[in-house]
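Before any comments, here is the structure.
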Amino acid sequence: MKGGGHNRVWTATLITLTLGSWIGKVGPRPADGEIASLTSTRERLETVRQVLSEVPLIDGHNDLPWNIRNFLHNQLANFDFDKDLRQVAPWSKSAWSQTDLLRLRQGMVGGQFWAAYVPCDSQHLNAVQMTLEQVDLIKRLIEKYSQHMQFAASYKEILEAHNRGRIASLIGVEGGHSLGSSLAVLRTLYQLGVRYLTLTHTCNTPWAKSSTVEQNEQIDGGLTSFGKAVIREMNRLGMLIDLSHTARATMRDALRASKAPLIFSHSSAFAICNSSRNVPDDILKQLAANKGLVMVTFYNYFVKCGAEASVTDVAEHIYHIRNLIGVDHIGVGGDFDGINKTPRGLEDVSRYPELFAELLRSGKWTVLDLKKVAGLNLLRVLRQVERVRDDMRTAGELPSEDLLDSPDTSGSCALNINEVQRVMEV
């Protein structure tokens with residue numbers, strides 16, 4: 001095998017050393033203890049840019065792929081991602097467009113989870129096909145702009161992309177309805193490179209409850225037995241479990257069932273804005289015990305519970321989470337291209353440095369704190385998810401063959417037993 005085992009050990013050692021150097025690197029910026037002395041916006045932004053050159057800023061959720069489907073029917077030949085889309089129709093006319101390569105570079109984005117989202121009305125119909133089409137779109141987009149983007153499906157590959165000056169591009173599937181209630185589909189998506197699944201979107205699945213559906217938590221529960229099998233299989237695969245969009249009961253059930261840390265890819269603090277899409281304090285505490293991560297989102301209605309918000313308001317969510325459970329459990333998940341109301345100062349993907357400069361303005365943040373929020377926390381979580389996978393494989397854990405007890409095929413093209421008999425008679 002041409003020394004493959006030796007090369008793997010060497011690569012793992014290199015990656016570990018690289019992460020260690022990011023944590024301890026000083027470079028041309030103030031030492032941690034001097035951070036409070038930064039009084040000007042320029043000084044703070046210079047420090048932030050140094051930090052983001054050393055550690056990849058990894059955003060948890062961007063909906064550009066769905067906009068490409070809406071605007072261009074997934075025809076990438078007609079998509080110039082390397083142009084300023086603020087000057088290109090139909091993007092320039094849409095309040096939902098905040099992303100292009102020029103602005104990603106300005107925002108110093110080092111890693112991006114691209115959402116393979118399909119709407120809830122595809123459930124029990126063509127959700128699986130549409131999801132595969134979106135995964136295909138994301139991979140083709142990365143390949144088309146391979147000078148700027150690099151596909152990543154692991155902790156190590158994120159670091160490798162950042163070291164090459166590429167935007168590490170990962171895939172997350174947004175909504176459990178994309179599985180068609182099939183663990184075989186889940187495994188296939190993992191093999192295609194999908195690295196997180198959001199358990200629900202704005203609809204229940206037959207096995208998990210969504211945040212948008214009213215429920216009696218004591219009676220209804222969050223995950224069915226099949227839903228818990230999904231959690232176990234995701235642990236076995238090494239796939240991140242995303243709790244954004246889920247009901248509180250689903251959050252609690254998943255936190256109890258998972259052997260690995262969980263994430264909220266684009267949610268904020270319920271104590272600051274009481275939207276059902278945000279995370280209440282008791283679950284934040286459970287997330288900390290799970291060693292998981294909440295990636296704070298930027299949608300005005302989840303930030304300020306209204307049409308207007310600012311970068312300072314987003315920072316308030318981060319302060320609250322840090323004060324409650326510590327800086328080790330915070331990331332960023334802007335939800336750009338999936339929102340039409342953005343905070344002042346965070347209008348698009350070019351503005352991430354403004355958020356970190358705002359954190360520095362308080363005088364209570366060290367450079368290491370900023371690095372954790374930017375990307376080190378996500379890297380830690382992903383590495384632990386991969387370790388749980390490796391441990392389960394070593395223990396001989398086999399792929400689950402669980403089936404949904406009573407699949408809901410309403411609205412599908414499934415034949416009933418009488419129709420099957422008539423077909424067989426013909």
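The values are calculated or read from the model by the stated rules, or taken from the named source; none is laboratory data. Here the structure is a predicted model, which means the values were calculated and not measured. Using ideal geometry, Cβ is built from the backbone for each residue, glycine included, and neighbour counts are taken over all protein chains shown. SASA here: full protein model, heavy atoms, side chains in, ligands and nucleic acids out. Shrake-Rupley method; radii C 1.70, N 1.55, O 1.52, S 1.80 Å.
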If we scan region 206-222, do we find a residue that is free of Cβ contacts under 8 Å to residues at least 60 places away in the same chain, under 21 Å from Tyr319 (Cα atoms), open to solvent by less than 10 Å² (accessible area, probe 1.4 Å) and of a type outside the set (Ser, Thr, Tyr)? no
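Could you please find all residues in region 328-338 being surrounded by 20 or more Cβ atoms within 10 Å (Cβ to Cβ) and either at pLDDT below 95 or in contact with a helix residue (DSSP H, G or I) (Cβ under 9 Å, 6 or more places away or on another chain) (or both)? I'd like the intermediate steps shown before the answer.
Here is the first cut: in region 328-338, the ones surrounded by 20 or more Cβ atoms within 10 Å (Cβ to Cβ) are 329-338.
Those that are surrounded by 20 or more Cβ atoms within 10 Å (Cβ to Cβ) and either at pLDDT below 95 or in contact with a helix residue (DSSP H, G or I) (Cβ under 9 Å, 6 or more places away or on another chain) (or both): His329, Ile330, Gly331, Val332, Gly334, Asp335, Phe336, Asp337, Gly338.
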Which one of these is under 14 Å from His245 (Cα atoms), open to solvent by 30 Å² or more (accessible area, probe 1.4 Å) and modelled with pLDDT of 95 or more: Thr202, Thr198? Thr202
Residue that is farther than 24 Å from Leu189 by Cα, open to solvent by less than 20 Å² (accessible area, probe 1.4 Å) and either at pLDDT below 95 or among the hydroxyl-bearing types (Ser, Thr, Tyr) (or both), where the choices are Ser276, Ser244, Ser268: Ser268
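Okay, residues lined up against (1) of a type in the set (Gly, Ala, Ser); (2) free of Cβ contacts under 8 Å to residues at least 40 places away in the same chain; (3) open to solvent by less than 10 Å² (accessible area, probe 1.4 Å); (4) part of a helix (DSSP H, G or I):
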{"position": "Leu125", "(1), (2), (3), (4)": "no, no, no, no"}
{"position": "Lys139", "(1), (2), (3), (4)": "no, no, no, yes"}
{"position": "Gln147", "(1), (2), (3), (4)": "no, yes, no, no"}
{"position": "Ser181", "(1), (2), (3), (4)": "yes, no, no, no"}
{"position": "Leu186", "(1), (2), (3), (4)": "no, no, yes, yes"}
{"position": "Leu189", "(1), (2), (3), (4)": "no, no, yes, yes"}
Tally time: how many residues in region 191-204 are in contact with a Ser or Thr (Cβ under 9 Å, 6 or more places away or on another chain) and free of Cβ contacts under 8 Å to residues at least 40 places away in the same chain? 1
Pairs, please: C-beta under 9 Å, at least 6 apart or cross-chain, first residue touching a residue at least 60 places away in the same chain (Cβ under 8 Å) and on the phi < 0 side of the Ramachandran plot and in region 264-281, second open to solvent by 10 Å² or more (accessible area, probe 1.4 Å) and β-branched (Val, Ile, Thr)? Ser276/Thr212; Arg277/Thr212
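Considering only residues that are part of a loop (DSSP other than H, G, I, E, B), surrounded by fewer than 21 Cβ atoms within 10 Å (Cβ to Cβ) and either modelled with pLDDT under 95 or on the phi < 0 side of the Ramachandran plot (or both), which ones fall in region 305-319?
Kept after step one, since they are part of a loop (DSSP other than H, G, I, E, B), are these residues of region 305-319: 305-309.
Subset that is surrounded by fewer than 21 Cβ atoms within 10 Å (Cβ to Cβ): 305-308.
Scanning region 305-319 gives Gly306, Ala307, Glu308.
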The conditions are (1) polar (S, T, N, Q); (2) within 21 Å of Asp335 (Cα to Cα); (3) open to solvent by 30 Å² or more (accessible area, probe 1.4 Å), and Asn163 fails exactly one of them. Which is it? (2)
